[in-house]
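Comments concern the structure below.
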Amino acid sequence: MKARPGYAPNPADQAGDSIEALREAASTCRACPLWEKATQTVFGEGPAHAPIMFIGEQPGDQEDLAGRPFVGPAGLILARALAAAGIPREQVYVTNAVKHFKFEVRGKRRLHKKPVDAEIAACHDWLRREIELVTPRLLVAMGATAVRSVLGRSTPIKLNRGKLLEYACGISLLITVHPSFLLRMPEEDKDEEYRRFISDLKLAEPFLR
Ligand code: URA
Ligand code: SF4
(Lines give C-alpha, C1' and ligand atoms only; values in the text may rest on other atoms or scores of the structure.)
(Ligands and ions follow the chains in the order given, each with its own letter.)
Protein backbone atom coordinates (compact mmCIF):
# COMPACT_ATOMS: atom_id res chain seq x y z
CA MET A 1 0.00 0.00 0.00
CA LYS A 2 0.95 3.65 -0.39
CA ALA A 3 3.41 5.53 1.84
CA ARG A 4 1.86 7.30 4.79
CA PRO A 5 2.86 10.92 5.18
CA GLY A 6 3.70 11.91 8.73
CA TYR A 7 3.61 8.34 10.08
CA ALA A 8 6.56 6.37 11.41
CA PRO A 9 7.84 3.40 9.39
CA ASN A 10 6.29 0.10 10.37
CA PRO A 11 8.92 -2.23 11.89
CA ALA A 12 7.27 -5.39 10.50
CA ASP A 13 10.04 -6.09 7.98
CA GLN A 14 12.72 -5.93 10.69
CA ALA A 15 11.01 -8.59 12.81
CA GLY A 16 12.15 -12.23 12.74
CA ASP A 17 10.62 -14.93 10.61
CA SER A 18 8.04 -16.42 12.93
CA ILE A 19 4.58 -15.39 14.02
CA GLU A 20 5.86 -15.19 17.60
CA ALA A 21 8.66 -12.79 16.60
CA LEU A 22 6.16 -10.75 14.64
CA ARG A 23 3.72 -10.63 17.54
CA GLU A 24 6.52 -9.51 19.86
CA ALA A 25 7.64 -6.75 17.45
CA ALA A 26 4.05 -5.57 16.93
CA SER A 27 3.58 -5.19 20.67
CA THR A 28 5.69 -2.02 20.57
CA CYS A 29 4.58 -0.70 17.18
CA ARG A 30 4.16 3.08 17.00
CA ALA A 31 3.72 3.35 13.25
CA CYS A 32 0.43 5.25 13.54
CA PRO A 33 -1.23 7.19 16.38
CA LEU A 34 -3.64 4.39 17.37
CA TRP A 35 -1.30 2.72 19.87
CA GLU A 36 -1.46 5.72 22.16
CA LYS A 37 -4.95 5.35 23.60
CA ALA A 38 -5.38 1.60 23.19
CA THR A 39 -4.49 -0.90 25.91
CA GLN A 40 -2.33 -3.18 23.79
CA THR A 41 -1.63 -4.51 20.31
CA VAL A 42 -4.07 -7.28 19.44
CA PHE A 43 -2.20 -9.60 17.10
CA GLY A 44 -3.60 -12.49 15.09
CA GLU A 45 -3.78 -16.00 16.50
CA GLY A 46 -4.16 -19.55 15.28
CA PRO A 47 -2.06 -22.40 13.86
CA ALA A 48 1.26 -21.20 12.39
CA HIS A 49 0.34 -22.74 9.01
CA ALA A 50 -3.43 -22.54 9.06
CA PRO A 51 -4.98 -23.16 5.62
CA ILE A 52 -7.45 -20.28 6.05
CA MET A 53 -6.88 -16.76 7.44
CA PHE A 54 -9.89 -14.71 8.57
CA ILE A 55 -9.32 -10.96 8.56
CA GLY A 56 -11.53 -8.53 10.48
CA GLU A 57 -11.33 -4.78 10.92
CA GLN A 58 -9.72 -3.93 14.25
CA PRO A 59 -10.04 -5.12 17.85
CA GLY A 60 -13.11 -3.96 19.72
CA ASP A 61 -13.47 -2.97 23.36
CA GLN A 62 -13.25 -6.51 24.72
CA GLU A 63 -10.45 -7.56 22.39
CA ASP A 64 -8.45 -4.50 23.44
CA LEU A 65 -8.72 -5.55 27.08
CA ALA A 66 -8.16 -9.27 26.49
CA GLY A 67 -5.36 -8.85 23.93
CA ARG A 68 -7.00 -11.44 21.65
CA PRO A 69 -8.96 -11.02 18.40
CA PHE A 70 -12.70 -11.72 18.13
CA VAL A 71 -13.49 -12.54 21.75
CA GLY A 72 -16.36 -10.00 22.08
CA PRO A 73 -19.88 -9.86 20.56
CA ALA A 74 -18.66 -9.96 16.93
CA GLY A 75 -16.46 -12.91 17.89
CA LEU A 76 -19.47 -14.81 19.22
CA ILE A 77 -21.29 -14.41 15.92
CA LEU A 78 -18.19 -15.44 14.02
CA ALA A 79 -17.77 -18.52 16.23
CA ARG A 80 -21.41 -19.54 15.70
CA ALA A 81 -21.21 -18.98 11.95
CA LEU A 82 -17.93 -20.91 11.65
CA ALA A 83 -19.48 -23.84 13.50
CA ALA A 84 -22.54 -23.71 11.23
CA ALA A 85 -20.25 -23.76 8.17
CA GLY A 86 -18.32 -26.76 9.52
CA ILE A 87 -15.11 -24.82 10.17
CA PRO A 88 -13.43 -25.56 13.53
CA ARG A 89 -12.18 -22.21 14.81
CA GLU A 90 -9.02 -23.75 16.22
CA GLN A 91 -7.97 -24.79 12.71
CA VAL A 92 -8.02 -21.27 11.25
CA TYR A 93 -5.91 -18.16 11.80
CA VAL A 94 -7.90 -15.10 12.90
CA THR A 95 -6.54 -11.56 12.67
CA ASN A 96 -7.41 -7.95 11.94
CA ALA A 97 -6.41 -5.36 9.33
CA VAL A 98 -5.66 -2.86 12.11
CA LYS A 99 -4.16 -4.07 15.36
CA HIS A 100 -5.03 -1.34 17.83
CA PHE A 101 -8.54 -0.44 19.01
CA LYS A 102 -9.71 2.96 17.73
CA PHE A 103 -12.46 4.50 19.79
CA GLU A 104 -13.99 7.62 21.22
CA VAL A 105 -15.04 7.92 24.83
CA ARG A 106 -18.76 8.57 25.47
CA GLY A 107 -19.48 8.65 29.15
CA LYS A 108 -18.30 5.30 30.48
CA ARG A 109 -18.29 3.63 27.08
CA ARG A 110 -15.59 3.38 24.48
CA LEU A 111 -17.29 3.57 21.10
CA HIS A 112 -15.66 1.95 18.09
CA LYS A 113 -14.40 4.38 15.41
CA LYS A 114 -13.65 3.31 11.88
CA PRO A 115 -9.96 3.35 11.00
CA VAL A 116 -9.03 5.79 8.22
CA ASP A 117 -7.12 4.77 5.11
CA ALA A 118 -3.77 6.03 6.46
CA GLU A 119 -4.14 3.83 9.57
CA ILE A 120 -5.10 0.81 7.48
CA ALA A 121 -2.05 1.46 5.29
CA ALA A 122 0.25 1.92 8.31
CA CYS A 123 -0.85 -1.41 9.74
CA HIS A 124 -0.86 -3.29 6.45
CA ASP A 125 2.78 -4.41 6.83
CA TRP A 126 1.84 -6.58 9.83
CA LEU A 127 -0.94 -8.25 7.90
CA ARG A 128 1.25 -8.73 4.85
CA ARG A 129 3.89 -10.47 6.97
CA GLU A 130 1.29 -12.61 8.70
CA ILE A 131 0.12 -13.76 5.26
CA GLU A 132 3.74 -14.41 4.17
CA LEU A 133 4.51 -16.48 7.26
CA VAL A 134 1.26 -18.40 7.66
CA THR A 135 0.91 -18.90 3.87
CA PRO A 136 -2.80 -19.75 4.00
CA ARG A 137 -4.46 -21.07 0.84
CA LEU A 138 -7.45 -18.79 1.44
CA LEU A 139 -7.92 -15.28 2.84
CA VAL A 140 -11.37 -14.37 4.09
CA ALA A 141 -11.72 -10.58 4.17
CA MET A 142 -14.65 -9.66 6.39
CA GLY A 143 -15.92 -6.12 5.79
CA ALA A 144 -14.67 -3.00 4.05
CA THR A 145 -11.54 -2.41 6.13
CA ALA A 146 -10.19 -5.93 5.60
CA VAL A 147 -10.95 -5.68 1.89
CA ARG A 148 -9.18 -2.34 1.67
CA SER A 149 -6.09 -3.69 3.40
CA VAL A 150 -5.93 -6.91 1.41
CA LEU A 151 -6.56 -5.36 -2.02
CA GLY A 152 -5.01 -1.94 -1.34
CA ARG A 153 -8.22 -0.33 -2.62
CA SER A 154 -11.91 -0.33 -1.83
CA THR A 155 -14.32 -2.56 -3.69
CA PRO A 156 -18.04 -3.15 -3.09
CA ILE A 157 -18.65 -6.15 -0.86
CA LYS A 158 -22.10 -6.86 -2.29
CA LEU A 159 -20.72 -7.35 -5.80
CA ASN A 160 -17.81 -9.52 -4.73
CA ARG A 161 -19.11 -11.75 -1.97
CA GLY A 162 -20.25 -15.31 -2.44
CA LYS A 163 -17.52 -16.37 -4.87
CA LEU A 164 -13.89 -17.31 -4.72
CA LEU A 165 -11.48 -14.74 -6.13
CA GLU A 166 -7.79 -15.02 -6.94
CA TYR A 167 -5.56 -13.10 -4.51
CA ALA A 168 -1.93 -13.86 -5.45
CA CYS A 169 0.49 -16.75 -5.88
CA GLY A 170 -2.05 -19.51 -5.47
CA ILE A 171 -3.85 -17.81 -2.58
CA SER A 172 -7.60 -17.45 -3.01
CA LEU A 173 -9.70 -14.64 -1.60
CA LEU A 174 -13.22 -14.70 -0.23
CA ILE A 175 -14.90 -11.38 0.48
CA THR A 176 -17.82 -11.25 2.86
CA VAL A 177 -19.48 -8.97 5.40
CA HIS A 178 -18.09 -8.24 8.83
CA PRO A 179 -19.88 -10.17 11.59
CA SER A 180 -20.71 -6.93 13.44
CA PHE A 181 -22.72 -5.87 10.36
CA LEU A 182 -25.08 -8.68 11.40
CA LEU A 183 -25.31 -7.23 14.91
CA ARG A 184 -26.50 -3.91 13.50
CA MET A 185 -29.11 -5.37 11.13
CA PRO A 186 -32.79 -4.62 11.71
CA GLU A 187 -34.38 -7.64 13.43
CA GLU A 188 -36.44 -8.66 10.37
CA ASP A 189 -33.33 -8.96 8.16
CA LYS A 190 -31.06 -10.67 10.66
CA ASP A 191 -31.89 -14.28 9.86
CA GLU A 192 -31.49 -13.87 6.15
CA GLU A 193 -28.21 -11.95 6.46
CA TYR A 194 -26.87 -14.52 8.89
CA ARG A 195 -27.75 -17.31 6.45
CA ARG A 196 -25.94 -15.46 3.66
CA PHE A 197 -22.87 -15.08 5.87
CA ILE A 198 -22.87 -18.81 6.57
CA SER A 199 -23.29 -19.65 2.91
CA ASP A 200 -20.24 -17.44 2.16
CA LEU A 201 -18.26 -19.24 4.86
CA LYS A 202 -19.22 -22.60 3.42
CA LEU A 203 -17.10 -21.68 0.38
CA ALA A 204 -14.12 -21.58 2.72
CA GLU A 205 -14.68 -24.99 4.30
CA PRO A 206 -13.11 -27.11 1.49
CA PHE A 207 -9.81 -25.25 2.06
CA LEU A 208 -9.42 -27.12 5.34
CA ARG A 209 -8.81 -30.33 3.43
N1 URA B 1 -14.21 -6.77 15.24
C2 URA B 1 -13.11 -7.02 14.51
O3 URA B 1 -13.02 -6.66 13.35
N4 URA B 1 -12.12 -7.67 15.06
C5 URA B 1 -12.14 -8.09 16.31
O6 URA B 1 -11.16 -8.69 16.74
C7 URA B 1 -13.30 -7.84 17.07
C8 URA B 1 -14.33 -7.17 16.52
FE1 SF4 C 1 1.19 -0.07 14.64
FE2 SF4 C 1 -1.07 -0.99 13.56
FE3 SF4 C 1 -1.04 -0.21 16.08
FE4 SF4 C 1 -0.88 1.61 14.14
S5 SF4 C 1 -2.62 0.25 14.58
S6 SF4 C 1 0.40 1.52 15.99
S7 SF4 C 1 0.35 0.49 12.62
S8 SF4 C 1 0.08 -1.96 15.24
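The separation of segment 155-175 from segment 117-140, counted between C-alpha centres, amounts to 15 Å.
Among the chymotrypsin sites (Phe, Trp or Tyr not before Pro) in segment 173-208, none sits in a DSSP loop with a Cβ that has at most 13 other Cβ atoms within 10 Å. In a DSSP loop and with at most 13 other Cβ atoms within 10 Å, the trypsin sites (Lys or Arg not before Pro) in segment 92-126 are 108, 113.
Please state, as a whole number in µm²/s, the translational diffusion coefficient that the Stokes-Einstein equation yields for the chain at 4 °C and 1.567 mPa s, with Rh defined as the Kirkwood radius across alpha carbon pairs. In µm²/s, the coefficient is 76. In nm, give the distance between the simple-model label positions of residue 117 and residue 91, each being 7 Å from the Cα along the Cα-to-Cβ direction. In this crude spin-label approximation the distance works out to 3.9 nm.
Take the alpha carbon gyration tensor of segment 110-209, find the square roots of its eigenvalues, order them as a ≥ b ≥ c, and report rounded if a/c is under 1.5; if not, report prolate when a/b exceeds b/c, else oblate. Note, shape of segment 110-209 comes out oblate. Springs between Cα atoms under 10 Å define the GNM used for the chain, and in it the highest mean-square fluctuation of 46, 143, 107 occurs at 107. Whenever you get a sec, compute what percent of the accessible area on the chain sits on carbon and sulfur atoms (1.4 Å probe). Carbon and sulfur atoms account for 54 percent of the accessible area of the chain.
Entry comment: accessible area of the chain is 49 Å² per residue, from protein heavy atoms only and a probe of 1.4 Å. Please tell me which of these pairs span more than 26 angstrom C-alpha to C-alpha: 37/163; 37/190; 113/158; 113/202? The answer is 37/163; 37/190; 113/202. Distance between the C-alpha centres of segment 47-71 and segment 176-209: 17 Å, rounded to the whole angstrom. What's the FRET efficiency of residue 30 with residue 188 using the Cβ-Cβ distance as r and R₀ = 30 Å, to the nearest 0.05? Plugging the Cβ-Cβ distance into 1/(1 + (r/R0)^6) gives 0.10.
GNM remark for the chain: springs join alpha carbons under 10 Å apart, and the peak mean-square fluctuation among 176, 95, 155 falls on 155. A 1.4 Å probe over all protein chains sorts 112, 49, 178 by accessible area into 49, 112, 178, starting with the largest. Sorting 114-120, 79-85, 11-17 by their mean Cβ neighbour count within 10 Å, with the most densely packed peptide first, gives 114-120, 79-85, 11-17.
The values are calculated or read from the model by the stated rules, or taken from the named source; none is laboratory data. Here the structure is a predicted model, which means the values were calculated and not measured. We place every Cβ from the backbone using ideal geometry, glycine too, and count neighbours over all the protein chains shown. Surface accessibility is based on the protein's heavy atoms, side chains included, excluding ligands, DNA and RNA. Shrake-Rupley method; radii C 1.70, N 1.55, O 1.52, S 1.80 Å.
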